[in-house]
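S.K.: So that we are looking at the same thing, I have put the structure below in structure tokens.
Nothing in this text is a laboratory measurement; each read-out follows from the coordinates by a stated rule. Just so it is clear, the model here is predicted, and its values are computed rather than measured. Every residue, glycine among them, receives a Cβ derived from its backbone with ideal geometry; neighbour counts consider all protein chains shown.
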Amino acid sequence: MIKQENCRVVSNTQIGDNIFELVLSGELTANMSEPGQFVHVKVSNGFDPLLRRPISIAAIEKENSTFTIIYRRQGRGTALLAEKSAGEEVDILGPLGNGFPVMEAAQGQTAILIGGGVGVPPMYELAKQLAQNGVSVISVIGFQTESAVFYEKELARFGEVYVATVDGSYGRKGFVTDILAGFDFQADIVFACGPTPMLRAIDTGNFAPKTYLSLEERMGCGIGACFACVCHTKEDPHGYTYKKVCSDGPVFKAGEVVI
Amino acid sequence: MSSLSIQIPGLNLRNPVMPASGCFGFGKEFSQLYDLSLLGAIMVKATTPEPRFGNPTPRVAETPGGMLNAIGLQNPGLEKVFIEELPWLEQFDVPIIANIAGSTEDDYVAVAEQLSQAPNVKALELNISCPNVKTGGIAFGTDPDLAKALTKKVKNVSEVPVYVKLSPNVSDIVKIARAVEEGGADGLTMINTLLGMRIDLTTGQPILANKTGGLSGPSIKPVAIRMIYEVSQQVSIPIIGMGGIQSAEDVVEFFLAGASAAAVGTQNFIDPFVCPKIIEELPEILQRLGADHISELTGRSWKKNERLAYHRP
């Protein structure tokens with residue numbers, strides 16, 4: 001059930017180079033279940049920016065009705081969001097979209113969670129739920145540089161974590177795919193969220209028999225009505241069939257849509 | 001009689017508020033959020049004879065107080081709209097205004113002929129103002145003779161009244177409005193989006209894949225108000241006003257300018273509950289205005305001896 005609610009800011013903390021962790025309190029937490037869903041955030045009370053910002057849910061704490069979102073301060077909207085302090089309210093619409101199918105990984109199986117940059121946050125809640133189900137979790141996360149690295153320790157609570165940085169200033173130099181290429185085992189399932197080139201490389205399905213990807217696209221409404229975030233399907237790459245990233249996704253099975 | 005009910009050709013509406021075409025799909029998404037029977041009417045997404053995928057992404061870009069879109073009339077095509085989308089909407093007690101589009105006159109005629117036969121379609125909205133398609137669309141809406149001829153053809157085949165959606169991207173909108181009235185239009189809807197562009201500083205290129213897009217949102221409201229003010233004094237057919245409406249106060253402003261009903265577009269994306277909120281707030285504003293009925297407000301900004309006393313709460 002989608003709700004609109006003015007959620008109260010519990011904390012808004014910088015955790016990396018322009019990376020902020022925002023903890024919000026609100027009743028709509030009760031409706032959150034799948035990791036990989038997102039909320040649509042109205043950052044301004046006025047007309048600029050006008051549209052909401054889609055941000056994925058990083059953690060759900062139903063016991064105290066709070067949830068966490070992590071965002072990069074990079075434009076006008078996220079700069080305004082970064083100014084919010086504890087006690088203030090933020091207009092939230094959500095939860096939206098279809099998240100990662102946690103039940104696709106059975107107890108005793110191994111899952112690799114791949115996150116790139118601000119694609120890392122949904123992996124936290126996913127890792128938490130998989131670990132609860134007795135799935136072995138291996139996280140592979142990539143960033144531009146050392147100062148941008150976040151959530152390595154948090155993910156380590158649920159299993160091994162491998163880090164790559166493009167400039168080699170932390171972890172392995174290169175991309176998450178370089179780390180994956182070095183693994184001498186095959187996982188049962190792969191979940192990924194991150195930049196498009198990364199997703200394209202993982203979309204090949206080379207890293208596990210089952211692969212799920214979370215896509216990002218510019219959105220308007222976030223609920224499937226405006227057709228801003230539409231993509232082609234692999235079965236009909238030039239035809240009329242389509243998927244909406246916001247409401248059919250943002251998580252798709254590898255090979256389902258054209259990335 | 002409710003203070004909000006209105007009667008315009010083909011449409012007996014319990015209230016004058018409806019979502020604008022292209023901002024509400026065919027209603028399915030919003031039906032999960034509230035009862036669509038609360039709405040005055042629904043203007044569903046434009047339908048063309050064949051299915052269309054629309055333009056490549058990015059399809060939206062923001063501007064202060066507005067957004068640019070270049071969706072490109074994505075829709076499932078006439079057959080699917082007639083067989084699936086419109087019958088699905090029959091579960092709600094709400095009249096449908098079907099937006100019809102195409103590349104050629106024959107396209108418009110074919111869509112009009114069939115969709116006007118759907119039991120819940122009470123009026124057509126002739127889309128001669130979409131700025132985001134290469135052929136058809138706005139080409140018909142910027143030439144008075146073409147607009148008039150197309151209106152006539154569609155009127156000949158339609159079983160229900162025809163409203164023509166006007167483009168603001170013209171030098172004299174009154175001329176177009178008069179032409180479509182002569183062509184037999186039963187009403188007007190205005191305004192569609194204003195053609196615009198944004199450029200990304202990092203790439204140096206337009207943000208939208210289509211390069212240009214239609215500007216909507218609160219930033220275009222003064223343009224819509226001005227155009228409705230001008231057109232409503234020059235035609236005798238009713239106007240459904242739209243362009244940046246966000247609140248019940250905005251709806252009243254459109255009525256004062258000369259509108260007889262109002263459609264909400266972009267604000268549905270920001271606040272999906274905006275239409276029922278406006279419907280709920282309108283009676284109190286009418287009371288403050290000392291108006292018994294909303295239709296009294298139509299054109300009050302230009303009608304003689306009809307000054308209003310607006311009582312602030």
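S.K.: Can you classify the protein assembly as shown as rounded, prolate or oblate using the Cα gyration tensor, where a ≥ b ≥ c are the square roots of its eigenvalues, rounded means a/c under 1.5, and otherwise it's prolate if a/b beats b/c and oblate if not?
M.R.: prolate
S.K.: If you take all C-alpha pairs in the stretch B:1-89, what percent of them are over 20 Å apart?
M.R.: The answer is 49 percent, as a whole percent.
S.K.: Further question: Can you pull out the cysteines in the protein assembly as shown that have no other Cys Cβ under 4.7 Å?
M.R.: Taking the Cβ cut-off of 4.7 Å, the unpaired cysteines of the protein assembly as shown are A:7, A:193, A:229, A:231, A:246, B:23, B:130, B:275.
S.K.: Right, here's the next one. How many angstrom lie between the C-alpha centres of the stretch B:78-107 and the stretch A:74-124?
M.R.: Here the two parts' Cα centres lie 37 Å apart.
S.K.: If you count, for every residue in B:53-65, the Cβ atoms of partner chains within 10 Å of its Cβ, what is the mean? Mind dumping the intermediate values first?
M.R.: Details: counts 9, 5, 2, 3, 8, 4, 9, 10, 3, 9, 4, 6, 5.
Rounded to a whole number, the mean comes out at 6.
S.K.: Moving on. May I ask you to derive the relative contact order of chain B, considering only C-alpha pairs under 8 Å and at least 6 residues apart, and to give it as an integer percent?
M.R.: Reported as a whole number, the value is 18 percent.
S.K.: For peptide A:226-238, how many partner chain Cβ atoms fall within 10 Å of a residue's Cβ, on average?
M.R.: 5
S.K.: Another question, if that's okay. Which entries of B:122/B:211; A:62/A:84; A:42/B:304 show an alpha-carbon separation above 31 angstrom in the structure shown?
M.R.: Distance filter (> 31 Å) returns B:122/B:211; A:42/B:304.
S.K.: Calculate how many DSSP beta bridges within the protein assembly as shown are antiparallel, expressed in % of all such bridges and rounded to the nearest 5.
M.R.: 50
S.K.: With a/c under 1.5 counting as rounded, go ahead and sort the stretch B:26-173 into rounded, prolate or oblate using the C-alpha gyration tensor (a ≥ b ≥ c being the square roots of the eigenvalues; past the cut-off, prolate if a/b is larger than b/c, else oblate).
M.R.: The shape class here is oblate.
S.K.: For A:50-62, what's the mean count of beta carbons from other chains sitting within 10 Å of each residue's beta carbon?
M.R.: Taking all residues of A:50-62 together, the mean is 2.
S.K.: With charges only on Cβ, +1 for K and R and -1 for D and E, what is the dipole size of chain A about its Cα centre, in debye, rounded to 20?
M.R.: 300
S.K.: Can you tell me how the stretch A:59-195 classifies by the Cα gyration tensor, rounded, prolate or oblate, using a/c under 1.5 as the rounded cut?
M.R.: It is oblate, given that a/c is not under 1.5 and a/b is not larger than b/c.
S.K.: Let's see if you can work this out: charge +1 on each Lys and Arg Cβ, -1 on each Asp and Glu Cβ, no other charges. What is the dipole magnitude of the stretch B:53-203 about its Cα centre, in debye to the nearest 20?
M.R.: That gives a dipole near 380 debye.
S.K.: For the peptides A:138-146, A:220-228, A:57-65, B:42-50, what is the packing order when you average, over each peptide's residues, the other Cβ atoms within 10 Å and list the highest mean first?
M.R.: Ranked from most to least packed, the peptides come out as A:220-228, B:42-50, A:138-146, A:57-65.
S.K.: Moving to a separate point now. With Rg and the Kirkwood Rh both taken from Cα atoms, where does Rg over Rh land for chain A? Kindly include the intermediate steps, with their values, before the conclusion.
M.R.: Values: Rg = 17.5 Å, Rh = 18.5 Å.
With Rg and the Kirkwood Rh in hand, the quotient comes to 0.95.
S.K.: Along the positive direction of the dipole of the protein assembly as shown (beta-carbon charges: Lys, Arg +1; Asp, Glu -1; about the Cα centre), which of A:161, B:229, A:176 reaches farthest?
M.R.: B:229
S.K.: Name the residue farthest towards the positive end of the dipole of the protein assembly as shown from the options A:185, B:23, B:285, assuming +1 on Cβ of Lys and Arg, -1 on Cβ of Asp and Glu, about the Cα centre.
M.R.: Checked the options; the winner is B:285.
S.K.: Report the one residue of A:81, A:29, A:65 whose Cα lies farthest in the direction of the positive end of the charge dipole of the stretch A:3-96 (charges on C-beta: Lys and Arg +1, Asp and Glu -1; origin at the Cα centre).
M.R.: Of the listed residues, the answer is A:81.
S.K.: Sticking with this structure for a sec: Report, in debye and to the nearest 20, how large the dipole of the protein assembly as shown comes out about its Cα centre when Lys and Arg carry +1 and Asp and Glu carry -1 on their Cβ.
M.R.: With only Lys, Arg, Asp and Glu charged at Cβ, the dipole is about 960 debye.
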